[in-house]
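The structure under discussion appears below in the form of structure tokens.
The values are calculated or read from the model by the stated rules, or taken from the named source; none is laboratory data. If you're wondering where the values come from, they're calculated on a predicted model, not measured in any experiment. Note that each Cβ is placed from the backbone with ideal geometry, even for glycine, and that neighbours are counted across all protein chains shown. The area values use the complete protein model at the heavy-atom level, side chains included, leaving out ligands, DNA and RNA. Shrake-Rupley method; radii C 1.70, N 1.55, O 1.52, S 1.80 Å.
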Amino acid sequence: MSSRTHPILFKPTLIALALQAALPVLAGTALLTAAGAGHAQSTEALATTQLTEIVVTSSADASAEGLSKPYAGGQVARGGRVGILGTQDIMDTPFSSTSYTSELIQNQQARSVADVVQNDPSVRVARGFGNFQELYVIRGFPVYSDDVAYNGLYGILPRQFVATELVERVEVFRGANTFLNGAAPGGSGIGGAINLLPKRATNEPLTQITAGIESGGQAYGAVDIARRFGPDQSTGVRFNAARRDGGTSVDNESRELSVLALGLDWRNRNVRLSADVGYQNHRIDQPRPSVTPNGGIPRAPDASSNFAQPWTYSEEKDTFGTLRGEFDLSDTVTVWAAAGIRQGDEANVLSNPTSTASGVTSAYRFDNVREETAKTAEVGVRAKVVTGTVKHTLIASAATFSLEKKNAYAFSSFAGFAGNLYNPFPVTAPATTALTAGDMNNPLLQAKTNTSSIALADTMSFADDRLLITVGARNQTIKSETFDYNTGVSKNDVYDKSKVTPVAGVVFKASNQVSLYANYIEGLLQGDVAPATGVSNPGAILAPAQSKQKEVGVKYDGGNLGASLSVFSITRPSAYAVNGVFAADGEQKNEGVEINLYGEAARGLRLLGGITFLDAKQVKSQGGTYDGKKIIGVPNTQANAGIEWDVPGAKGLTLTGRALYTASQYADRSNTLSIPSWTRLDLGARYLTTMGSKLVTWRARIDNVTDRNYWASVGGASPENTYMVLGAPRTLSLTASIEF
């Protein structure tokens, strides 16, 4: 790799009890319902408890592997789920990933997944296609919130926003991952993946109540209850509920959030079962919209200002459930299965402005409703065998996913209405009669998506486990069909294509502290469909688009302090017309270097951060027009620095700080427009004490301490989008948690 080719890389309850009683019966009738990973822990009970017949870790679940232990400092874990390969220690896997713990989530008072992944220097947060959907950009490629996995299953979580009360850990996997996880059904995930682990009952009884308030007057309350029952405490129940209501730090914006979650687990010597049921209702009124630039980049308005129309809102309701099981056929062979379902309903009234450089805006109204039913399932077998001096872990897995989407929308006149970013004023909501599709009160079936796959893998261990080699492949089929909005009749444009995506990875443990690794792995997206006009092959369905990643790196584990260095290159095909024929002749290449640091540098001093250098550009574009140009919304540098300090002489007091830096980002394909770089400082403190016999934790946090006005992101949903999102203003959060 030369500096000329890669210049940027070198720059400086009752239901619970009933289900608890039913789980042992389920074990006897569903031994073939067996499955994966995802475990939770209590920071007060980290040790494994030895029982007469079985071992219940601090978070029992349907996996013999258990929840990966926290690393020194407790902010990240020693490992995490690596798709069908299961839970692995960071030093044993040929990939780059970080698992953020419940301790970090609670101490940072994180509201959603976006708040957690902001700790990762390889990740930045943007928005979806004109709405308020969280979108995560990993290695310069989007991961839609549709494609966030829940305990290894796609499509189960709420689509736009996931509250942290639903999860124990947030696992960030960096890089292509179709072999490991299957193709993401939403069509993203080339640069990485996010998996959320559900909460499980802890070893010790837990009853925790949290109350708080946030800038704008938003009130918060939550309850977290966990118990274990039965012989050897083999059955666990974990119940979580949360409510947010009130204004936010943005003027006139308000948010309501209701969350309920129930997690169950049961196990004996050979069988492990778990189940989850969740509900989330999330609504934002007068939400500040994204802004599309028109001819220039407007100066960022005051961070607390709101240029949303008072009649706009976004609301999403989701109910979901999962079941997992794992069964040991012998000491060396285990089968697993998992299944999940989600029912989601969305309604939005949106009005996203387009702005000139001077802040003069034009906007129109867009209403839409959406109903979704997602179903997913996975089965697999894992066997350990020895051939000569070589140990093998063999894995076979099959997975399926289906999504049915009902949709309708309506637009007001595209002539729009005028406004101003710096002097916003309300207008009467225009009628949505200019363009309509479907019945807003009874939307019809609009799209179906089905994916299925079979995967095989072998991880070979040589030289007393110092050399690990993983090879495998997944045969992935993607099928989709669209239907007329007004009649529900199929448009006969069925997409049905298959591809094989391979993987090869190697880990060499140079010492107990150092692992060297390399991988080649591919990503997979549904191929583009040729437009109806302007090409000689209208409606042509292209083969699934395969991205290709090459990566090498080194990992260091000093016991208390860990670090990693990764160098990667990812290519992604793109399609356009060449001599009148629509074909996948384009290419985007993202190359980069990532450095991560975590752990406890000294007693009472915890560090978390790193830096990412990115060179993301078009290397093949239509007519060469944009060859060499940078990709919209991908900065060349992202850096994080987080610190926690237990104040000497002030028992129970901890001070925290975090700085985020993001370099400038281009806002158009020709690289003539860009948003400035930005730096954000967050500060906090927490105090652990007792009130009588009750343990109380007080937490205070100020995000964007300097109240900086900045455009936080541009683009994100695709290489052509130019949505700009204004950063949040100074926001104060105060909470108190009491354990009974």
Query raised in the report: Wholly within the range 427-483, which strands (runs of 3 or more DSSP E) include no fewer than the required count, namely at least 3 residues that are over 29 Å from the mean Cα position of the chain (by Cα)?
Result: 435-437, 444-462
Report task. Considering only residues that are of a type outside the set (Val, Ile, Thr) and open to solvent by 30 Å² or more (accessible area, probe 1.4 Å), look in the range 705-717 and name the one that is farthest from residue 187 (Cα to Cα). Result -> 707
Report task. Go over the candidates 511, 566 one by one and state the one that is polar (S, T, N, Q), closer than 27 Å to residue 612 by Cα, open to solvent by less than 20 Å² (accessible area, probe 1.4 Å) and modelled with pLDDT of 95 or more. Result -> 566
Query raised in the report: Applying the selection to the range 248-271, what residues are within 25 Å of residue 162 (Cβ to Cβ), assigned to a strand (DSSP E or B) and open to solvent by less than 50 Å² (accessible area, probe 1.4 Å)?
Result: 254, 257, 258, 259, 261, 262, 263, 264, 265
Query raised in the report: Hey, among 169, 200, 159, 139, which residue is among the basic types (Lys, Arg), closer than 21 Å to residue 665 by Cα and either crowded, with 24+ Cβ neighbours inside 10 Å or out of contact with any Asp or Glu (no Cβ under 9 Å at 6 or more places or on another chain) (or both)?
Result: 139
Query raised in the report: Is one or more of the residues making up the range 436-448 crowded, with 20+ Cβ neighbours inside 10 Å and within 22 Å of residue 543 (Cβ to Cβ)?
Result: no
Query raised in the report: Can you find even one residue in the range 319-326 that is within 22 Å of residue 145 (Cβ to Cβ) and either open to solvent by 20 Å² or more (accessible area, probe 1.4 Å) or hydrophobic (A, V, I, L, M, F, W, C) (or both)?
Result: yes
Report task. Residues being open to solvent by 30 Å² or more (accessible area, probe 1.4 Å) and β-branched (Val, Ile, Thr): count how many of those fall in the range 327-340. Result -> 2
Query - Any hit, the range 365-372, residues being surrounded by fewer than 18 Cβ atoms within 10 Å (Cβ to Cβ) and not hydroxyl-bearing (Ser, Thr, Tyr) - result: no
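Name the residue, out of 335, 349, 386, 369, that is under 30 Å from residue 274 (Cα atoms) and part of a strand (DSSP E or B). Working first, answer last.
Values: 349 fails: under 30 Å from residue 274 (Cα atoms); 386 fails: under 30 Å from residue 274 (Cα atoms); 369 fails: under 30 Å from residue 274 (Cα atoms).
Result of the check over 335, 349, 386, 369: 335.
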Report task. Can you confirm whether the range 397-404 contains a residue that is of a type in the set (S, T, N, Q), modelled with pLDDT of 95 or more and assigned to a loop (DSSP other than H, G, I, E, B)? Result -> no
Requested in this report: Take residue 180 and decide whether it is under 15 Å from residue 157 (Cβ atoms), in contact with a Gly (Cβ under 7 Å, 6 or more places away or on another chain), surrounded by 23 or more Cβ atoms within 10 Å (Cβ to Cβ) and not polar (S, T, N, Q).
Outcome: no
Query raised in the report: Say we look at the range 222-281 and pick out the residues that are modelled with pLDDT under 95 and out of contact with any strand residue (DSSP E or B) (no Cβ under 9 Å at 6 or more places or on another chain); which of these is nearest to residue 333 (Cα to Cα)?
Result: 268
Report task. Would you check if there is a residue in the range 605-617 being of a type in the set (A, V, I, L, M), surrounded by fewer than 18 Cβ atoms within 10 Å (Cβ to Cβ) and in contact with an Asp or Glu (Cβ under 8 Å, 6 or more places away or on another chain)? Result -> yes
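Taking into account only those residues within the range 89-136 that are of a type in the set (D, E, K, R) and within 14 Å of the chain's Cα centre (by Cα), which is least open to solvent (accessible area, probe 1.4 Å)?
Checked the range 89-136; the qualifying residue least open to solvent (accessible area, probe 1.4 Å) is 120.
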Query - Any chance residue 216 is farther than 28 Å from residue 340 by Cα and either open to solvent by 10 Å² or more (accessible area, probe 1.4 Å) or not aromatic (Phe, Trp, Tyr) (or both) - result: yes
Requested in this report: Report the residue count in the range 723-740 for those that are under 28 Å from residue 186 (Cβ atoms) and buried (at least 21 other Cβ atoms within 10 Å of the Cβ).
Outcome: 4
Query raised in the report: Restricting to the range 184-217, what's the tally of residues that are within 12 Å of the chain's Cα centre (by Cα) and in a strand (DSSP E or B)?
Result: 6
Report task. Select, from 600, 594, 587, the only residue that is open to solvent by 30 Å² or more (accessible area, probe 1.4 Å), within 20 Å of residue 191 (Cα to Cα) and part of a strand (DSSP E or B). Result -> 587
Report summary line: The helices (runs of 4 or more DSSP H) lying entirely within the range 11-122 that contain at least 3 residues which are modelled with pLDDT of 95 or more are 102-107, 113-117
Query raised in the report: Of these, 316, 346, which one is open to solvent by less than 10 Å² (accessible area, probe 1.4 Å), closer than 20 Å to residue 185 by Cα and not basic (Lys, Arg)?
Result: 316
Query raised in the report: Which of the residues spanning the range 569-601 are touching a Gly at 6+ places or on another chain (Cβ under 6 Å) and over 16 Å from residue 615 (Cβ atoms)?
Result: 574, 576, 596, 597, 598, 599, 600
Query raised in the report: Are there any pairs, at least 6 apart or on different chains, whose C-beta atoms fall under 7 Å, with the first in the range 204-231 and farther than 17 Å from residue 698 by Cβ and the second in a strand (DSSP E or B) and basic (Lys, Arg), and if so, which?
Result: 205/227; 218/244; 218/255; 226/238
**Report entry** Single unsatisfied condition, residue 684 versus (1) among the small types (Gly, Ala, Ser); (2) touching a Phe, Trp or Tyr at 6+ places or on another chain (Cβ under 9 Å); (3) assigned to a strand (DSSP E or B); (4) open to solvent by less than 40 Å² (accessible area, probe 1.4 Å)
**Finding:** (2)
Report task. Check off (1) in a loop (DSSP other than H, G, I, E, B); (2) at pLDDT 95 or above for residue 503 and give me the number that stays unchecked. Result -> (1)
